[in-house]
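Each remark here refers to the structure printed beneath this line.
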Amino acid sequence: MEALEQSLRDINGGRDINEIIYEVDGDNHSHIASLMAANLVSIQTFRAVELASLLPLCVTLLL
């Protein structure tokens, strides 16, 4: 087991497996946050378009 851990450190510039996992985990959190923000913008855009398409109907009903 120690030989495997040493090999991993040698391959990854001296970093141990915990550092690598932490880095990947941080990258994934950033990626997930970016995807959530993009989806939120898409949903808001869809709602704005949806509401704009209903506007003529609302005006007609009020008249």
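Where a number appears in this text, it was derived from the coordinates with a stated rule and is not lab data. Computed from a predicted model, the values in this text were never measured in an experiment. Virtual Cβ from ideal backbone geometry, glycine too; neighbours counted across all protein chains shown.
Legend: ranking of residues Glu50, Glu19, Glu2 from fewest to most surrounding C-beta atoms inside 10 Å; resulting order Glu2, Glu50, Glu19. Distant-in-sequence amide contacts of Asp16, defined by a placed amide H-H separation under 5 Å and a gap of 5 or more residues or a different chain, comprise nothing. Stretching Asp27 away from Leu4 to a fully extended chain increases their span by 5.8 nm, per 0.36 nm per residue minus the current alpha-carbon distance. With a Förster radius of 35 Å applied to the beta-carbon distance between Asn18 and Ala52, the computed FRET efficiency rounds to 0.10.
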